[in-house]
Amino acid sequence: MSAETVNSELPAVIDLFFHRGQGKSIRRLQTMLGTRKFYHIRTFRSSVDKYFYRWGIPERQAHLREFRLYRPHLAYLHQQMMGWKPRTFSELFIPGYADRLGWYTAIFAIVFGVLGLLSVVTSIVQMGLAIVALQVSQEQLRLQIAQLGNSTGGP
Amino acid sequence: MADSSDHAAAASLENDQRTSIYASGYDKSNCKSFILLAVEDFFRKTCFSYYYHNAALGSGSRASIAAVAFDMIDLITYLAAIDPSGEARSLEWWLQDFVQKNPGLRSLAPAQTPDDIWIYTKGHIYELFCIVAGLRPPLATSDNPFGQYARTKMWHYKLPGPEFLVGAPPIDPESVSDGPIEELDAAFICSGPFRIRFTNVLANNLKLNTVRRELLLYWEDNISGLTDFLGRSSRERTTPGMMDQFRDGHVLGKFPFLLVLSTLIRKVDVCGNCQL
């Protein structure tokens, strides 16, 4: 029935997920499996096998036409990834898959906005403190003048 | 139905797990041992439970393992006769048809009438189907004694067809147009909102839960070994992967089950339970 197709598409899915991206995904897999050793990862060919059999193994492309049975699953996953939008406040800080530049720009703007807001608050506090300091110094000056008047007006 | 010797054997099986057919005695690296393990586990852990389908199997006495095994053989014979190019029908339809065509199933209590036999036996027949089809039977938990959740999920899967292997498609396959899927890379996926989690159920491969933001990826043996040994990988293979079975042959793929069945029947003979 479809067992042979599934059998051929499963390694293809593993290839798609973990065998691209200059080893970043393989490291991710090792982290997920809790192992740093390649011989623990037995289900699919390792990069060593890939090196030895690089001429014999047909390279698959990351394209939906390579898949028949898992095609709707992959298409749905792709569609959901690309259409993901944050729905809660905490999700605002998770980068989506589509338009990463926009997310980084927004985060950059938020960081600078927060910094700007902080500087405004700091300025207001600073101004308040300056006013208080001015009042204190004025009071001090007034007291000094009063003290000076008392000392000159004596016998 | 079983006689008193069967009951004695059944009682010893229930009370003492280390019998002559204890599941750990098999060579687990042999993928064909999967069905034997599944049959024995089902028989020891489920079939003798008092509450397990006592309307269908009887509350006073239960059939022997031989009777259950021969019912499974009947089911395999029936499934193997399905025309791969024929009309796809739901699992419920096929199993109901099987029960109607085989009214004298050996594991059922004799008091069943043809009209209500399906109502009482559907859960039991589904368990038998899960075993003979090489699927993982639904896990029984304290909240869910007979895996009802998984059972209801699979009733509508179609046969013949790939649904039992790849699950129901999340979107209409006809509506999918070709296109690049460069973004489907594990590192990129994990850098965003979705997380990848492994599953050892083949039908759950690439299933996406958008609420939990979790993508299930089929992975067996390695991960089961890792969890068994608390993070350390087992050098020995654990239970054979489902894909190994499909590679070597499978009832859904018209596998000639004679070898497995002859082994099963031999085991039944060794137990002294075979009355047929």
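The values are calculated or read from the model by the stated rules, or taken from the named source; none is laboratory data. Predicted, not measured: the structure shown is a model, and the values here were computed from it. Cβ: placed from backbone, ideal geometry, glycine included. Neighbour counts: every protein chain shown. Heavy atoms of the whole protein, side chains included, go into the accessibility calculation; ligands, DNA and RNA do not. Shrake-Rupley method; radii C 1.70, N 1.55, O 1.52, S 1.80 Å.
Numerical summary
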quantity	calculated
Solvent-accessible ranking of A:Val132, A:Val6, largest area first, probe 1.4 Å	A:Val132, A:Val6
Cα-projected label distance for B:Val211 with A:Ala109, points at 7 Å along beta-carbon direction, nm	3.3
Protein heavy-atom accessible area occluded, A/B pair - total, 1.4 Å probe, Å²	5200
Rough spin-label spacing in nm, given labels placed 7 Å along Cα→Cβ, for B:Ala168 and B:His156	0.3
Cα-projected label distance for B:Lys101 with B:Arg195, points at 7 Å along beta-carbon direction, nm	4.7
Cross-link pairs B:Lys45/B:Lys101; B:Lys45/B:Lys207; A:Lys85/B:Lys207; B:Lys45/B:Lys158; B:Lys101/B:Lys122; B:Lys101/B:Lys207 - those with Cα-Cα distance over 25 Å	B:Lys45/B:Lys101; B:Lys45/B:Lys207; B:Lys45/B:Lys158; B:Lys101/B:Lys207
Sum of side-chain charges, B:Tyr52 neighbourhood, beta-carbon under 11 Å (Lys, Arg +1; Asp, Glu -1)	+1
Exposure of B:Ile117 as accessible area (Å², to 10), given a probe of 1.4 Å and all protein chains	20
Interchain or long-range residues, amide H under 5 Å from B:Leu206's placed H	B:Leu216, B:Leu217, B:Tyr218
Portion, in percent, of the accessible area of the range A:96-155 that falls on carbon or sulfur, probe 1.4 Å	74
Accessible surface of A:Glu9 - all protein chains present, 1.4 Å probe, nearest 10 Å²	10
Exposure ranking of B:His156, A:His19 by accessible area [1.4 Å probe, largest first]	B:His156, A:His19
Residue-level accessible surface for B:Phe188, protein heavy atoms, 1.4 Å, Å²	50
Exposure rank, largest accessible area first [B:Arg197, B:Arg213; 1.4 Å]	B:Arg197, B:Arg213
